[in-house]
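What follows is calculated from the coordinates using simple rules that are stated; it is not laboratory data. Fair warning: this is a prediction, and the values are worked out from it, not measured in the lab.
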Amino acid sequence: MAVNEAQIAALKDRARRMRIDIVKMLHGCGSGHTGGSLSATDIMTALYFAKMKYDPRKPDWKGRDFFILSKGHAAPVLYTTLAHAGFIETSELCTLRKLGSRLQGHPDSKYLPGVEISTGSLGQGLSVACGVALAHKLDKAPNRVYAVLGDGELQEGQIWEAAMTGAHYKLDNLCILVDNNGLQIDGPVAKVMGVEPITDKWRAFGWDVQDIDGHDMAQIVAALDKAETVKGKPSAIVCRTVKGKGSKCFEGKVEFHGTTPSKEELEMALKELDEAVCK
Amino acid sequence: MNQAQKIATRDAYGDALVALGKKRNDVVVLDADLSGSTKTSKFAKTFPERFFNIGIAEQDMMGTAAGLAIAGKLPFASTFAVFATGRAWEQIRQSICYPNLSVKIVASHAGVTVGEDGGSHQSLEDIAVMRVLPNMTVIVPADGIETTLAIEAAAEHKGPCYVRTGRNKVPVLFGPDYQFKIGKAHVFHEGKDAAIIAAGIMVAEALKARESLLAEGIDAGVINMSTIKPLDDEAVKAAATRCGAIVTAEEHSIIGGLGGAVAEVLAESAPAPLVRIGVKDQFGTSGESEGLMKHYKLSAADICEGVKEAIKKKKR
Ligand SMILES: Cc1ncc(C[n+]2csc(CCOP(=O)(O)OP(=O)(O)O)c2C)c(N)n1
Ligand SMILES: [Mg+2]
């Protein structure tokens, strides 16, 4: 789907509004993952509002594209996306992480329509995505499968086992986006356990690789379009991102991996996100 | 018991590691990108050259710990309980327990009191899957003091150990003169009508339950069974003979953990009615800790109910 400038502008505004919902929701809850939700917001916006096929009234519609949030701790961005896409009411977002809520600390497919599989233990989502892609190959069905992975998450060995499965079975209906924000919990990825060169690794494992700016909406949409044309191998879009993107309060700050905005930080962030309208 | 003072067992672990590192220079510590949470960060700060962050790679961490052990080091490997014992179970089996290596696995954030992170992160099976491994010692300390002593004992012990710590601050139950021995239960109160055998944070709940029961004229014993393997069989048998009814209490599944271990001893050597307080074959869920303790029927009030039920069974 080729998108014009007006559509890109609309997507950008959607991402801005999603960030507002995310920071409000996290402030209200008082626990949850801020940094990794905000770094993936543009990616999620492009996927759900420019690319994927789905029906929010029929989450198990056979013709849908599948999405798996392998870095499950970024649940707030997934829930916000599902709200904007019409799977759930925006008013439900404030129940995040409360006893009895469908919005569990990590996505739970038992409770929430639109969540294809429960995640939260890192490194497992890509294997599941391969399984979904294999099933659709078997059925000669056109559905596509998308997964979002963290850069720290790439340290899990299972990711590379799945990388081999994807290439071996020529899963060209599978596309992953790596949220390459350079940070994990204990510090910069390069300091904790280096994963670079990420693009070379995926290429060496037999994947089609694109290296893009994960906050440039036009680039994300173009990369997703290109991935769809790749034949005979799966696609990896490595997205250069900033953890906590959207407000100076959080950007590039490792401590905002798992902490939520205070009242002052929320106000500052909302101000920055509101001002971003005019740009 | 000094209930006013509270320390998280993971904090006590962090401090105990630093003290141990000062005493022994063969001590090395590994973590999997959770050092701030497991509190191995304290050791990392003091002894950066003896700390290895393996990244988000729990299986690799256990294998690396095994390698350090056969090369003469004393490795402590830490991450959340669910990842330590779940993700890396077979590495622990094949590379640590089978060759009987002195690798100490100290995992934090066990049980439902992890809270808001939810079911994916709340380990309710770790005691069961560690206990089943030959050569493995399993310790669930009840407070900060016992954690410190358990870490010292684990360091001296030959062979693999699993020590379970928690996220939240918990009451200090023991004084400075407390003696901890692997495999030895601590009897707080002998009791007459029933005995509560508890582990971890449930020991404090059991002590509270005893107080309320006393007011109703029920004398319930309280036993801290911090070593779940090797289990203090003699303490279980003595409690069964003395009180005629047993209640186990653990922040874990009622299958395979403390309740399971006690049931095995009772069934084989000291038949007595048993009520198991714990999570009833379910996964956890998101919520704040205190609410979850009630939701999963793990509070002192639930232990009281369990004691009454056990006494009733005795009369049948
Ligand atoms: C198997 C496993 N080990 C550890 C964790 C704890 N954990 C949650 S998020 C995280 C860091 C993730 O870093 P990254 O993949 O880079 O995510 P992002 O920066 O996008 O938040 C860790 C270690 C986990 N969820 N799963
Ligand atoms: Mg990252």
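Okay, here's what the table says:
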quantity	calculated
Global geometry of region B:2-172, whether rounded, prolate or oblate, following the gyration tensor of its Cα atoms and the 1.5 cut on a/c	rounded
Taking chain A and dividing mean pair separation by its residue count, relative contact order in percent (alpha carbons under 8 Å, at least six apart)	24
Residue-averaged 222 nm ellipticity for chain A, from DSSP H runs of 4+ at -39500 (n - 2.57), nearest 500	-12000 deg cm²/dmol
Spherically averaged projected area of region A:190-255 from its Cα convex hull (nm²)	5.5
Other-chain or far-sequence residues with amide H under 5 Å of B:SER123's (modelled H)	B:VAL82, B:GLY111
Cα-based shape type of region B:186-311, given that a ≥ b ≥ c are square roots of the gyration tensor eigenvalues and the cut on a/c is 1.5	oblate
Pair-distance profile P(r), taking every C-alpha pair of region A:9-116, with 10 angstrom steps and integer %	16, 52, 30, 3
For chain B, Kirkwood radius (reciprocal of mean inverse C-alpha pair distance, Å)	19.3
Three-way shape call for chain A based on the alpha-carbon gyration tensor, with the a/c threshold at 1.5	rounded
Mean residue ellipticity (222 nm) of chain B, computed from DSSP H runs ≥ 4 via -39,500 (n - 2.57), nearest 500	-11000 deg cm²/dmol
